[in-house]
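Asks: Got a structure for you, questions after.
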Amino acid sequence: MQPVERAEYEGIDYGWVMQTTFVLTILVGAPVVAVLSAFVTLESWSARAAFAVRVGAPIWFLTAVAVALYARRTDAGDGSSTDGDAASPDLDGGDATSADDNVDSDPTAADTAVDETEPTGPTDKSPPTEEP
C-alpha cells in the first residue's frame with residue numbers, strides 16, 4: 001500500500017476560504033439578488049443575467065474578503081491543532097515518518113524488515129483432514 005502524502009502549511013487555508021465563500025455567497029447572495037430584483041424591471045433573460053452578475057459580484061467579493069480576514073484572524077480551516085486542542089488521530093496507526101525518519105518514499109531496510117512476532121507459516125485455521 002502506498003503511503004498517504006501529507007503536507008503541513010502555515011497561514012491561510014485558501015481551499016477552506018474558497019469553499020466557505022462559495023457556500024456563504026449562495027446562502028446570502030441568492031436571497032439578496034432575488035429581493036433586489038423585485039424592485040427592477042427586467043425585460044429579458046440577458047437583462048436578468050446581467051443584473052444577477054452586477055449584484056452578485058460585489059456580494060461574492062465582500063464575502064471572500066470577510067472569510068479570508070476571518071481565516072487569518074482565527075486560523076480557521078487550517079486543520080491544525082492548537083495547544084489546548086487534542087492532537088489529531090493518526091488513522092494508519094503509525095507515525096508520519098518511518099522508524100528511521102526516512103521522509104522520502106524510498107523504502108529502507110527498516111521499512112521492509114520482517115516482524116518476527118508475526119507467524120510466517122500458513123494461516124489456514126481449519127482442522128486437519130485425514131487422507132485415506
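Asks: Which one is surrounded by the most Cβ atoms within 10 Å (Cβ to Cβ), of the residues in region 1-16 that are out of contact with any Lys or Arg (no Cβ under 9 Å at 6 or more places or on another chain) and within 19 Å of THR74 (Cα to Cα)? It would help to see each step written out before you state the result.
Replies: Residues of region 1-16 that are out of contact with any Lys or Arg (no Cβ under 9 Å at 6 or more places or on another chain), as a first pass: 1-10, 13-16.
Now drop any that are not within 19 Å of THR74 (Cα to Cα), which leaves 8-10, 13-16.
Numbers: GLU8: 8, TYR9: 11, GLU10: 7, ASP13: 17, TYR14: 12, GLY15: 10, TRP16: 15.
So the residue we want is ASP13.
Residue by residue, here is whether (1) assigned to a helix (DSSP H, G or I); (2) exposed (fewer than 11 other Cβ atoms within 10 Å of the Cβ); (3) of a type in the set (Gly, Ala, Ser); (4) at pLDDT 95 or above holds:
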{"residue": "VAL32", "(1), (2), (3), (4)": "yes, no, no, no"}
{"residue": "PHE39", "(1), (2), (3), (4)": "no, yes, no, no"}
{"residue": "ARG48", "(1), (2), (3), (4)": "yes, no, no, no"}
{"residue": "GLY56", "(1), (2), (3), (4)": "yes, no, yes, no"}
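The values are calculated or read from the model by the stated rules, or taken from the named source; none is laboratory data. None of these values were measured; they are calculated from a predicted model. So basically every Cβ, Gly included, is an ideal-geometry build from the backbone, and we count neighbours across all protein chains shown.
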